[in-house]
Amino acid sequence: MTPRLPTTLALAAVGCLTAEAFAPPSTPRGNLSPPDLLRRSAAPSDQAETDCDCIVVGGGISGSTLAHNLHNSDVNVLLTEARDYLGGNVRSEVVSDEDGEFVYEKGPNSFATQPSIVRIAHELGIDDQLVFADESLPPWVNYGGKLHPLPKGQGGKGPKGQIELVFGPNGVLKFGLVGDLLSWPGKIRAGIGAFVGHMPAPEGKEETIQDWVRRILGDEVFYRIIDPFVSGVYAGDPTTLSMKAALPKISRIEQYSYAIEWNKFGALFYGGLARQVELTKERKADPPDPSWVEFEYGNPGSFKRGLSTLPAAIEKELGERVKLEWKLTKVEKDGSVYRATYDTPDGEKCVTAKSIVTTVPTHAMGSTLEPVLPGSADLFSRERDVINRKGIYYPPVAAVTVAYPKAAFKDVELDNDFGNLRELPGFGSLNPRSEGVRTLGTLWSSSLFPGRCPADYNILLNYIGGSRDPAIGSMDDDDIIAAVDGDLRKVLLRSDAPDPKVLGIKVWPTAIPQYELGHLDLMAELGEMEEKNEGGGLWVCGNYRSGVAFPDCVTFGYDHAKVVKEYLDGR
């Protein structure tokens, strides 16, 4: 469902998307260790003995990477997951038939490479499995019956990076002077906002992504560039998503612009330039470890056999510290000790710990935290209540992976000497809502990472649904596949193309959390609840709080492990 086209186009957001052969193996039910067999930590004389130092609830990318980092810090950690595998929406598949072997994803298709990902791959000994896309190839936008390449540059690799590039020091300039995606009036309007200035933000009003982009760069930049990217990254509606919450780094560029004394009208170009200079200094001050594999910031990456390689390696590392099919039912507190109750295949289990971090989606929390965080059940109600700032919306998204012979694709030469469409030279294609195409975007999976299918085939991972098309959640699989195939015939395929080879379809009924208007207030209220918890040691986290993209989740695992370790040392 990001997050970056894959990570984000999907449920990137980055979100959503699986593997039987390479998903982490389930722990045999008969081998689940009861809490009294867990290695107990040394307890101070004034504290009750506990089963572990920290329970991490939720084995998605955020929870599993957090557990890895805690384990590396010599914290006695227990990782619990309600499903029978680690990875959450990250699932990789490998299938074979008479045509050969196909490797694909049912969730996020890739990540935008950041140091946190390379670091954890190195620590787990799987860095030799890392693969990176050809950064010379662009993402494309389907507009006016034609595919338009988007410019690449520093910080602009992958779809989410492309959004950042638009607002960077060369972004608008490139969009204005290259290609015909924008009309001349649209180019002039964007150029004014970039190099001259724009209207200030309205006082006392939280802006949506649509409000912000139209105010600064105009309608065409929004409808033809930003709208399709937001649909891909968040599967969301930019008319309801909060600019400051969903795209905080881009939102801050306006602040950088006004901070330049002579830039009275806030021309965005100069704010982007100031941010780029600052970012370069930050990276020089904290360079990658020389022992890591070489990488480019933001370049799309994955593992040779799919993204599930990461959670599978973490499960192997943690061993019996991982408990699968353990569903949390209640959290209580006795003095400074937490007691977590689980429904497991072996009946009810209780575990005591000095601290708890939950990373499960808000829609799955129910009333489990109510005894320790009064009001949390109401705050994270399954039903979205925008007026009263309650509930976080998770729209349905379907990830549909299909393969076609290369001969089934249109035999056309693409602009800018990128070659023939049949070779799919790029990251993928995005569809503005104006084009009458229901599919949000299509990742050209086999072009991103060669070797994932036979040489005479192309694999396409399609995302469809989201906030503006929730009906996808109740449709039959065959109807969803037919809708995707019909869209592909409008954009990429010949009209007489054969039926698709359907590799897999996964409908995620609650895909990516939406950072809608009021989201920051909701997170502030959550923070106040945590502060009222006397003694601390309980954190409510997840991609609805730290970012939906794959790298955001991995970085959270690294950063929050420091917070937990500091708390435990302070006890």
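Read-outs throughout are calculated quantities, based only on the coordinates presented, and are distinct from any laboratory measurement. Note that this is a predicted model, so its numbers are computed, not measured. Every residue, glycine as well, gets a Cβ built from its backbone with ideal geometry; the counts of neighbours run over all protein chains shown.
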message: Quick check on the chain: helices-only [θ] at 222 nm, where DSSP H runs of length 4 and up contribute -39,500 (n - 2.57) each and the sum goes over total residues. Nearest 500, please.
response: -9000 deg cm²/dmol
statement: Distance in Å, no decimals, from the C-alpha centre of segment 551-571 to the one of segment 450-492 is 38
- prompt: How many lysine pairs does segment 448-571 hold where the Cα atoms are under 23 Å apart and the two sit 8 or more places apart or on different chains?
  reply: 4
- prompt: Taking other Cβ within 10 Å of each residue's Cβ, how do TRP292, TRP262 sort, fewest first?
  reply: TRP262, TRP292
- line: Between the modelled labels at ASP479 and GLU423 (7 Å from Cα along Cα→Cβ) the distance in nm is 4.1
message: I need the phi-derived Karplus couplings for segment 113-129: 6.51 cos²θ - 1.76 cosθ + 1.60, θ = phi - 60°, integer Hz, Gly and Pro marked x.
response: 4, 9, x, 4, 6, 5, 4, 5, 5, 5, 5, 8, x, 10, 5, 6, 8
message: Assuming 0.36 nm per residue, please report the length gained on full extension of the stretch LEU520 to MET199 beyond their Cα-Cα distance.
response: 113.2 nm
- request: Would you work out which of GLY319, THR442, CYS54 lies farthest towards the positive end of the dipole of the chain, given +1 charges on the beta-carbon of Lys and Arg and -1 on that of Asp and Glu, about the Cα centre?
  value: THR442
- prompt: Residue by residue, what Karplus-based ³J(HN,Hα) values in Hz, rounded to whole numbers, does segment 558-571 have, using 6.51, -1.76 and 1.60 with θ = phi - 60° and x for Gly and Pro?
  reply: 6, 5, 6, 4, 5, 5, 5, 4, 4, 4, 5, 5, x, 5
- request: With a cut-off of at most 11 other beta carbons within 10 Å, and DSSP calling the residue loop, which chymotrypsin sites (Phe, Trp or Tyr not before Pro) in segment 403-500 qualify? Please list them.
  value: none
task: Using only the Cα atoms of segment 395-508, construct the convex hull and provide its projected area averaged over every direction, in square nanometres to one decimal.
output: 7.1
- request: Step through the residues of segment 450-462 one at a time and calculate ³J(HN,Hα) from phi using the Karplus curve (6.51 cos²θ - 1.76 cosθ + 1.60, θ = phi - 60°), rounding each to whole Hz and writing x for Gly and Pro.
  value: x, x, 9, 7, x, 4, 9, 10, 10, 9, 10, 9, 10
